[in-house]
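Working notes, structure below.
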Amino acid sequence: MRVTAAAATDIGLVREGNEDSYLTEEPLFAVADGMGGHRGGEVASQLAVETLEKRFKQGARDLPDQVQEANRVVFERSVVDEKVAGMGTTLTAALVEGDRVRLAHVGDSRAYLLRDGDLRLLTEDHTLVHRMVTEGEISKEEAETHPQRSVLTRALGVDNVVDVDDDTVQVRPGDRLLLCTDGLTSMVSEQAIEEALRGVPDPQEAARRLVHLANEGGGTDNTTVVVLDFSDDAVAGRPEEEPTPSSEAIAPAPTGRPARSRRRFPRKLLVWIGIIVALAVVALVGLRLYLDSQWYVGVSNGHVAIFRGIPTEVAGFELHHVVVQTTISAEKAESLAFFQDLGDGITAEDRDGASAIVERIRQDVEEMRQVPKPNQPGSTDASGP
Ligand code: MG
C-alpha cells in the first residue's frame, strides 16, 4: 500500500503560541496537543513526537510501547525541570504496516477513517464529558457545549505510566485517514469534516481546508491535521502505458530476433538506452539515499523546523521535507545573530544534531524573552541580574 501524507497546523485566532506538534515520517505519523503553562505545552507535545520518532529509528516497532516510552520521557522532564512542571500532551499516532494501520492513542486528539465517502471515528476521547455521555449523565449535544469539555481524563506525561488505547485498522486503496487535534473537532462538525475530506482530492489541499474551517469556526484553539491517502503500490497497466526502452533492449538482444517494428531502432542504440536508463536509476537511488542521510534546521510556515534532505529544489522538485515543525517563531530565531541564516537552512550532522540546534534556538529565544532591553546606551553588560 502506498501512502501519501500531508499535514497542516495553525496557531488559530486567539492563542499566543502553538502547542500542537505533528510527525510525518513515513511510515510513522502522529499529532500531539500539549498543555501546561509557560511553554509546558509545546515542550510536552514536541518531546512526545520526537521520542516516538527516535525510538522508531532505533528499531522499536511496538507502537503502544513507544507511546508509553514517550510518556515516561515527558513525565521525567516535567519532574526535573520546574519550568515545565505539570505539563502534559495528547498523542494520537499511526504506524502503517502494509495494508494495516496500527493506532495508539491517549487524550482528545482523534483519528478518523474516510471510506467510500463515509467518515468513521476510530478513537475514543479521554475526556470528562465523553465519560459523562457514555454513563448517560448528559447527552451528546450537551457535551458539545459543556463548559468542561476540554477536561482530559487521560494525558501523556502526567504520571510515570499511562493507559494507551491500541487498535489496528485494515486499510484499502482509496481510504483516507485523518489525525487531528481538538482545535479542529471543537470548531468544525463531523459532517463538515467529512465533506471537506470527500470533496478535496489533494491531501495537502484537504489539510489546509480543514485548518481554514477551524479558523472560520472561531479558531479558539491551535489546529493540527495529518491526512494520509492510501493507494495501490503498483500502478495498474503501467507496462502498457510506458514501454520502457530498457525492457525492449533486454528482450531482443539475446534472441537475436528483433521484431519487424523494432527495426527502426538499431540494436546498439537500444543497448545504449538501456545502459542510460540503468545509470539514471542508480543515480536516482543514490540521490535518494544521500538525501535521506542529510538533515538541517530551517523555516516552515514561519516556525523553526527540522528537515530531512537539502535546502534546495531542482526543476521544481523540493529535495527535502519537514520532519518536525516546532512552535518556535522563525522571526524571533532569525533576529538572533547566530541564527540569522536560518532561512537558508542550518546543516546538521544527523537527526540528533538537528534536535540539538533546535534546543539551542529554543533556549536562546527564551533568554531573549527574559532579558530586558538595556535602556541605557552605555550599558556594558546586558546579562541582567
Ligand atoms: Mg487543543
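What's the magnitude of the charge dipole for the stretch 180-230 around its Cα centre, counting Lys and Arg as +1 and Asp and Glu as -1 at the beta-carbon? Answer in Debye, nearest 20.
On the way: 3 positive and 9 negative charges, 18 e Å.
Roughly 80 debye, rounded to the nearest 20.
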Next on the checklist: Just to check I understand the Karplus step: with θ = phi - 60° and J = 6.51 cos²θ - 1.76 cosθ + 1.60, what whole-Hz values come out for the stretch 143-148, glycine and proline as x?
Outcome noted: 4, 5, 10, 4, x, 9
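About the Cα centre, and with charges only on the beta carbon of Lys, Arg (+1) and Asp, Glu (-1), how big is the dipole of the stretch 136-204? Nearest 20 debye, please.
On the way: 6 positive and 15 negative charges, 44 e Å.
Computed about the Cα centre, the dipole is about 200 debye.
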Next on the checklist: Apply the Karplus curve 6.51 cos²θ - 1.76 cosθ + 1.60, θ = phi - 60°, to the phi angles in the stretch 89-104 and return the couplings in whole Hz, x for Gly and Pro.
Outcome noted: 7, 7, 7, 10, 10, 10, 10, 8, 10, x, 9, 10, 10, 8, 10, 9
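Compute, for the chain, the length of the dipole vector about the Cα centre, with Cβ point charges of +1 (Lys, Arg) and -1 (Asp, Glu) only. Units Debye, rounded to 20.
Details: 40 positive and 64 negative charges, 429 e Å.
With only Lys, Arg, Asp and Glu charged at Cβ, the dipole is about 2060 debye.
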Checklist entry - For the pair THR134 and VAL80, what calculated FRET efficiency results from E = 1/(1 + (r/R0)^6), where r is the Cβ-Cβ distance and R0 = 56 Å, to the nearest 0.05? => result 0.95
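Once the piece of chain linking LEU291 and ARG100 is laid out straight, how much longer is it, given 0.36 nm per residue of separation minus the C-alpha distance between them? Could you put the intermediate results ahead of the total?
Values: separation 191, 0.36 × 191 = 68.76 nm, distance 2.77 nm.
Here the answer is 66.0 nm.
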Checklist outcome for this item: Full extension between ASN160 and ILE273 adds, at 0.36 nm per residue less the Cα distance, a length in nm of 34.6 nm
Checklist entry - Label VAL282 and GLU195 with points 7 Å out from Cα along Cα→Cβ: what is the distance between them in nm? => result 5.6 nm
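Only counting other Cβ atoms within 10 Å, I'd like ARG72, ARG267 sorted with the fewest neighbours first.
Values: ARG72 17, ARG267 14.
Neighbour counts put them in this order, fewest first: ARG267, ARG72.
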Item to check | Alpha-carbon Debye profile of the chain, log10 I(q)/I(0) at 0.08 Å⁻¹ | outcome: -0.50
Checklist entry - For the residues ASP116, ASP232, what sequence is obtained by ranking on other C-beta atoms within 10 Å, fewest first? => result ASP116, ASP232
Item to check | Whole-Hz ³J(HN,Hα) from phi, Karplus 6.51 cos²θ - 1.76 cosθ + 1.60, for the stretch 294-303, glycine and proline x | outcome: 9, 9, 7, 10, x, 10, 9, 6, x, 10
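At most 15 other Cβ atoms within 10 Å plus a DSSP loop assignment makes a site exposed; report the longest stretch of the chain without any exposed GluC sites (Glu not before Pro). Each step should come with its number before you reach the end.
Numbers: sites that count: GLU16, GLU124, GLU135, GLU137, GLU349.
Result for the longest clean stretch: 138-348.
What is the order of SER186, SER139, fewest Cβ neighbours within 10 Å to most? Before the final figure, lay out the partial values.
Working: SER186 17, SER139 10.
Placing the least packed residue first, the sequence is SER139, SER186.
Before anything else, pin down the relative contact order of the chain: Cα pairs under 8 Å, at least 6 apart, normalised by residue count, whole percent. Don't skip to the end; give the middle numbers.
Details: 749 pairs, mean separation 64.4, N = 385.
For the chain, the relative contact order is 17 percent.
Kyte-Doolittle mean at least 1.0 and Cα extent at least 15 Å along the axis: which DSSP H helices of the chain qualify? Numbers along the way, then the final one.
Numbers: long enough: 40-57 (25 Å, -0.34); 63-80 (26 Å, -0.17); 203-216 (19 Å, -0.76); 267-292 (37 Å, 1.81); 351-370 (29 Å, -1.04).
Membrane-span-like by this rule: 267-292.
Where a number appears in this text, it was derived from the coordinates with a stated rule and is not lab data. Note that this is a predicted model, so its numbers are computed, not measured. All Cβ positions, even for glycine, are placed from backbone atoms using ideal geometry, and neighbour counts span all protein chains on display.
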